[in-house]
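Here's the structure we're looking at; comments come further down.
The values are calculated or read from the model by the stated rules, or taken from the named source; none is laboratory data. Quick caveat, the model's predicted, so the values are computed rather than measured. Backbone-built Cβ (ideal geometry, glycine too); neighbour counts: all protein chains shown. What goes into the accessible areas is simple: the full protein's heavy atoms, side chains included, and nothing from ligands, DNA or RNA. Shrake-Rupley method; radii C 1.70, N 1.55, O 1.52, S 1.80 Å.
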Amino acid sequence: MRIGYLECFSGISGDMLLGAMVDAGVLLEEMSKAVIALNVGARLEARRVSRAGIAGTKVDVMTGESDDNHAHDHEHSHDHPHSHDQAHSHDDEHDHAHGDQHTHSHTHSHGQDQVQHTHSHSHSHEHDQSHSHSHTHDHGHEHDHQAAHDDHRSLSTILGIIRSAPLSDGVKANASRAFQMLGEAEAAIHSIPVEEVYFHEVGAVDTIVDIVCAAVGAEFLAIDRWISSSLNVGSGTVDCAHGRLPVPAPATLALLGDAPIYTAGPPMERVTPTGATVLRMLNVEFAPLPPMRVRASGYGAGGRDTPGQPNLLRILVGEDEAPSQAAEPIAILETVVDDSTPQVLAYVSEMLLEAGAWDVYRVPVQMKKGRSGVQLTVLCHPDRLDVLRDLIFRETTTIGAHWRIENKIALRREFIEASTRWGPVPIKIARSSSGEILNAAPEYENCRKIAATHRVPLKQVMLEAARAFAQQKETDGTRTN
């Protein structure tokens, strides 16, 4: 099994991950081809830099606007109040997602150079000169609603750009899923429908390129299992539409979920929303470095040098010591309940799944003294054992539980989009160690939404999606090797 291990001792952002991938052997030309395919007026630049005396690769996304502002190794600080007449360089590292009410959320599109970036933002980047420009988000709303969105892109527009680009199906599916998660996180934070989330055009370009190129790099490296260390999220504060909030930013915290985090080093934001999104896109597990033979390594640099705490992300690429055994630890938590209603047990099962259980099932059992009961079994990562056990004690009448740690063997999983009359449907495919597709199934939640929106039977949507994938596989040999 091929493993990619991310060492996030100084956090993770879009540029850091792309730099680490290039440093580990991903061809910059492959990422550049993807940028050209997106047709968003951007290109990539890569250069070698030093962070606390350690060499790494810095990848920048350059646009027509950023070319005018970009100069290597200079420090850039700005404070803006929203007058979109100022060109942004890629190291500005932010975009604005907002709803139709013109509510702006603070989403970093790329780097993690700043601690306090406001709406007015205050960023510190890799520049020797400092300058500021005014850019406030208090418009007074003297312009009409459409004009307010002229320099912004909606989530659906961005998904359309990715979908129409000549990229591999795997890259499209992963990048689209990542942007959907980012949009849903922003929508939840601002209490607006996801359809009303907009991204500032300059920042959106950065984020599109970061996410798509991360998907391209992952495909190039052919990683079967992504694992990460705990995340150094940094410290300090960030100013956004809701006031001054501590790092990590709201979108970042929402995307990280229950990932293990800590803070170390000088105050700054070290994990950006884009970095958190890419971790979700790659289905990263959080665990210590497993036994592996390292075949390649790379260092991706953040935007500024931080003495004493190298502003780098390291990636290790290697092979599992036992590649034929794709095993990982799994915790099995069990208890038996004999005095609870079916409604309560159903409710508890839902809560366990929401709290991170991989699966929950109930089996009727015969207990002592002829009593009927229900055995509740929970499957989860060992890290979630304490949380789920406490939930069972709190929500059920049981007074005891037992658990054990066993090994789990899982097939490689990935997503490929199938085209249906109602739009694209993600297909989860499972592969053998040799790459052969053994199982393929439409994603239930996506099919359910289509069925509800178009008022068609769910079984019809799932059947047509499966047929479309089978036909697609037969006609163009979709990733069968």
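Observations
- Residue match in segment 28-42 (condition: within 22 Å of the chain's Cα centre (by Cα), among the polar types (S, T, N, Q) and under 24 Å from Val271 (Cα atoms)): no
- Take the conditions (1) of a type in the set (A, V, I, L, M, F, W, C); (2) in a strand (DSSP E or B); (3) under 32 Å from the mean Cα position of the chain (by Cα); Ala357 misses just one of them, which is (2).
- Count of residues meeting criterion [buried (at least 23 other Cβ atoms within 10 Å of the Cβ) and charged (D, E, K, R)] in segment 178-216: 3
- Residues of segment 363-421 that turn out to be open to solvent by 90 Å² or more (accessible area, probe 1.4 Å), without any contact (Cβ under 8 Å) to a residue 12 or more places away in the chain and of a type in the set (D, E, K, R), as a count: 3
- Candidate set from segment 415-444 (those that are modelled with pLDDT of 90 or more and not in a strand (DSSP E or B)); member that is nearest to Gln472 (Cα to Cα): Arg421
- Scanning segment 306-327 for residues that are open to solvent by 40 Å² or more (accessible area, probe 1.4 Å), at pLDDT 85 or above and either more than 23 Å from the chain's Cα centre (by Cα) or of a type in the set (A, V, I, L, M, F, W, C) (or both) returns a single hit, Glu319.
- Applying the criterion of being over 24 Å from Asp258 (Cβ atoms) and in contact (Cβ under 8 Å) with a residue 12 or more places away in the chain to the residues of segment 339-361, the residue that is surrounded by the fewest Cβ atoms within 10 Å (Cβ to Cβ) is Asp339.
- Looking at segment 1-106, the strands (runs of 3 or more DSSP E) lying wholly inside it that each contain 2 or more residues that are over 29 Å from Gly160 (Cβ atoms) and at pLDDT 90 or above sit at 2-7, 42-51, 54-63.
- Residue selected from segment 222-252 under the condition closer than 30 Å to Pro329 by Cα and open to solvent by 10 Å² or more (accessible area, probe 1.4 Å), by the criterion nearest to the chain's Cα centre (by Cα): Trp226
This table checks each residue for (1) open to solvent by 10 Å² or more (accessible area, probe 1.4 Å); (2) free of Cβ contacts under 8 Å to residues at least 24 places away in the same chain.
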{"position": "Gly4", "(1), (2)": "no, no"}
{"position": "Cys8", "(1), (2)": "no, no"}
{"position": "Asp15", "(1), (2)": "no, no"}
{"position": "Ala20", "(1), (2)": "no, no"}
{"position": "Val26", "(1), (2)": "no, no"}
{"position": "Ser32", "(1), (2)": "yes, yes"}
{"position": "Val35", "(1), (2)": "no, no"}
{"position": "Val40", "(1), (2)": "yes, no"}
{"position": "Val49", "(1), (2)": "yes, no"}
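- All strands (runs of 3 or more DSSP E) inside segment 175-290 with 1 or more residues being modelled with pLDDT of 95 or more: 225-228
- Filtered residue count, segment 445-481, keeping only those that are among the small types (Gly, Ala, Ser), surrounded by fewer than 11 Cβ atoms within 10 Å (Cβ to Cβ) and at pLDDT 90 or above: 0
- Some residue of segment 238-250 being farther than 15 Å from Gly14 by Cβ and of a type in the set (Gly, Ala, Ser): yes
- Test set (1) closer than 30 Å to Arg2 by Cβ; (2) within 25 Å of the chain's Cα centre (by Cα) - Asn407 fails condition number: (2)
- Enumeration of residues in segment 423-439 that are in contact (Cβ under 8 Å) with a residue 40 or more places away in the chain and surrounded by fewer than 18 Cβ atoms within 10 Å (Cβ to Cβ): Ser433, Gly435, Glu436
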